Amino acid sequence: MVKSGLSKHTVAELRDMCKGHGLAISGKKSVLIERLEQFGHGDDSAAGGARSRLADLKAEIDDEDDALILEDDEPPTPTEVEEDGYGTDAAADDAADDDVGDIADDAAEVIEAEIFEGEVLEAEVMEAALITDDVMAAEVVEDEEKDSLEIDELAPIPTISKSAPRKSSIRRKTTRKSSPRKSSVRTSTRKIPAKRKIMATAIVFFLLAMTGWWYFTGTIEPFTPDPIRYGDSMHYSVSDGLFTAEGEYVEKAIEAFDSDEDDICRISLAFSGTGDISVTKGGESQLGGQSNNDLLGVVGQRGSYGADWLTVEKEFAQDFDDVTITRYKKNLIDSSRCNDKGASVFGNTLELKTTTWTELRSEDLLRSQIDYQVQLESSAYEGSITTFGLSGIFSSLGSLQSSISMAFAPVELKELIGDTLIEDGSSGSRMGWSWRVVGSEEKGGEMAWRIFMESDEIKKYCLGHAHITIWAQSDSPWASHQEVDILIGGGNDRDSCDATSQIINEWVVPDGTLEMRMKMQSSSIERGEKAVVFGRDYPTRPRSSDLKPEAVELSDWGENGTHLPDTSTRREHPLETAVACVALLDGASGAKAALSGEGYVWRAVDDRSQTATTEWNLSWVDSDGMSGWVRFTISGDNASAENCTYLEAGAYEDGPSHDRNDIPDSLTLAAMESRLLDSDRYPELTTGQAYLGDSTTMHDTVRYGHLITTTGSNFEQIAKWLDLDDGAGAATVDFRRSWDQGQWSNSFILAADASDGRVVGWSFARST
């Protein structure tokens, strides 16, 4: 914030003050003032700096024939008056000269303040001033019969020295190129009247001002990105937003919003609004037992294992109050095509708030949360999505997710560029993006470096393209302007990709097109005081041995077991009872044969919504590669022909491979249940909304599920891309719940890794 004490000074004075105190002289006026105040240099240093600068300049300039001299001469005598009819009375001339001197005295202070550092600038200004000699000095009459033109006297422009009464002068010089004509020229002037002196002074000041403006706005210095600070914030606008989905992306959107419109083939959202991005400044209560306040500003947060960490919290919120939704229906004649015209609905709103927590020492993303509110026509949707730092099976997916999420908020320069100097031609790769500086240009009335970014992940796997152009300025830790252009799918040539990329396209990327464009522009920024420093250790930081379960807690069932152990006492019909029922079911011959031999259950889901009854759906795979599923119910206290009721069964045409060696050691379903209900680990799951239940009991409406993924056969290439450790498979568990509350329909989904007990993430959604 610009303070009144220093704001009265010009940029040149402030630069002189910075130089005199050994500080950097780069940046705008606000930056210079902030720098001086930060190091305790007040307004009293300004005058001396300006005077010393002026003295240095005077010492450098000699009195030569071709110099333009601005000095305090004595008033002219009557004999010095020219015969051009402008006046003959000495007293009148003296009075006129005094008036001009007073004006020029005031003007000289401006000249002293506007002396710039570059000698090139000085030369350009004085050359321009010399061009106007016919106005400033006298009429120049060229006489071919004489050898030269004479200038007897150049009209003085007096200056005022704050330390001595009108004795010092400014002598500014520019050297002209020599020529045969120039060598024989003698100069002469006539006395300039007061009006012409005023005009000359005005022209000189105009040239100085214009040249100075060009110098400071037409150039930009290289810089390294400034680290973020606790308390930083920026407000920005969002314009020209466009989001378009086609194909399977539309189907997923319709499914998410519980729409029954099955003839929609394209959805387009045009939006605009505002946004805010900030770095939280945590208080002392967040330090969590630290012995001092050295880490003040951090925020405590729980990670995927439920342990407490110290983090840097960042928030960005976007409010789109002008959203237009356009639906395009399938062509009645050719259902593979969309109609060119769609039906639009105006007046929709969308609010997004994203919060991220980055661990202080490792600088790894610990946790992120997206809260949203959507008003679409007469329906309202709200929800929250929480994800934790991803590794192992989810690492590559997390990298891809990071590539996309980078586009939704102004890019943090330090996070993208690191300590690399931002200058023309510099480049690098970081955070899944390649970037290069493609020059500088004026943006929003100020010069900025233009940087082009491209997603490495999307390019590598031939998914389409993701391009972001940002403009960087030294006084902002975020991009001051940003333009986003992302296209996933959309007819990209997948045949030209390698085999792995084609498999990823087939298995991971929906068949369709996803497109997004928007522009962001900073409107205001506030800087905090304390810089965020990563890499700091703290005594309460959890150790890896405190996070993962002990080896004795894991079950090694892959060698000869038939299913992931359950052993729960909270639920009436655990998985052990369900597997025992299979042998008693008529119509489940495939499942019976598999589980009585070398086969095992690779997917299991229960449903306890019916009182005293549990429905199980078991998917199995046999050693010969056959796979299928069976659905049945259980009632009573144990498995029996009376308590186990067959519902239906089927076979998979292309199921998973049979590979017991890839089944990892895992926690039981009961152990996962206990970890999730521990309010010290995950208080959000058992308090407030109490998504799962309380500390002792799960809601009856919670559905359990587990999934075993192995490498080999159809999944071999995709498993490599998912970065499965040492060729091992994965064991995941999921918990789902749906319920009604008032006018809202609610749903909750959680996923966790049973091999080490960590939570991958969860989501909560509700709609009217």
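What follows is calculated from the coordinates using simple rules that are stated; it is not laboratory data. Just so it is clear, the structure is predicted and the values come from calculations on it, not from any experiment. Backbone-built Cβ (ideal geometry, glycine too); neighbour counts: all protein chains shown.
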Counted charge near Gln521, where neighbours are those whose Cβ lies closer than 10 Å (Asp, Glu -1; Lys, Arg +1): +1
Taking the Cα atoms of the range 552-767 alone, what are Rg (to one decimal) and Dmax (as a whole number) in Å? 17.4, 51
Find the eigenvalues of the gyration tensor of the Cα atoms of the range 589-651, then list the square roots of 5 times those eigenvalues as equivalent ellipsoid semi-axes, largest first, in whole angstrom. 23, 12, 9
State to the nearest 20 debye the size of the charge dipole of the range 552-767 about its Cα centre, where the only charges are +1 on K and R beta carbons and -1 on D and E beta carbons. 660 debye
Grab the Cα-Cα distance for Thr326 and Leu647, subtract it from 0.36 nm times how many residues apart they are, and report the gain in nm with one decimal. 111.3 nm
So for Leu421, Leu685, Leu647, fewest C-beta neighbours within 10 Å to most, what's the order? Leu421, Leu647, Leu685
Kindly put Ile264, Ile451, Ile385 in sequence by how many other C-beta atoms sit within 10 Å of each C-beta, fewest to most. Ile385, Ile264, Ile451
For the cross-link pairs Lys8/Lys443; Lys281/Lys548; Lys8/Lys519; Lys281/Lys460; Lys330/Lys519; Lys281/Lys353, which exceed 28 Å when the distance is taken from alpha carbon to alpha carbon? Lys281/Lys548; Lys8/Lys519; Lys281/Lys460; Lys330/Lys519
With label points set 7 Å from each Cα along the Cα-to-Cβ direction at Thr224 and Ser745, the distance between them in nm comes to 5.5 nm
Correct semi-axes for the range 647-717, from √(5λ) of the alpha-carbon gyration tensor and rounded to whole Å with the largest first, are 33, 17, 10
Using packing as a proxy for protection, rank 310-319, 731-740 so that the peptide with the highest average count of other Cβ atoms within 10 Å comes first. 310-319, 731-740
Listed by chain and number, the residues whose amide H is under 5 Å from that of Val411, excluding neighbours fewer than 5 places away on the same chain and using placed H, are Ala479
So for the range 426-471, Kirkwood radius off the Cα pairs, Stokes-Einstein at 10 °C and 1.306 mPa s: how many µm² s⁻¹? 139 µm²/s
Cα-based radius of gyration of the range 599-705 once divided by 2.2 N^0.38 Å, which approximates compact folds: 1.29
Amide H contacts under 5 Å for Arg367, restricted to residues at least 5 apart in sequence or on another chain and with H modeled in the peptide plane, are Trp357, Gly389
Would you mind checking which residues have amide H under 5 Å from Arg229's amide H? H placed 1.01 Å from N; only 5 or more apart, or other chain. Gly528, Val532
If each residue of separation counts as 0.36 nm, what is the full-extension length gain between Ser596 and Ser378 once their alpha-carbon separation is subtracted? 73.0 nm
Please rank His21, His467, fewest neighbouring Cβ atoms within 10 Å first, as an exposure proxy. His21, His467
Going by average Cβ density within 10 Å per residue, which order do the peptides 454-465, 523-534 take, highest to lowest? 454-465, 523-534
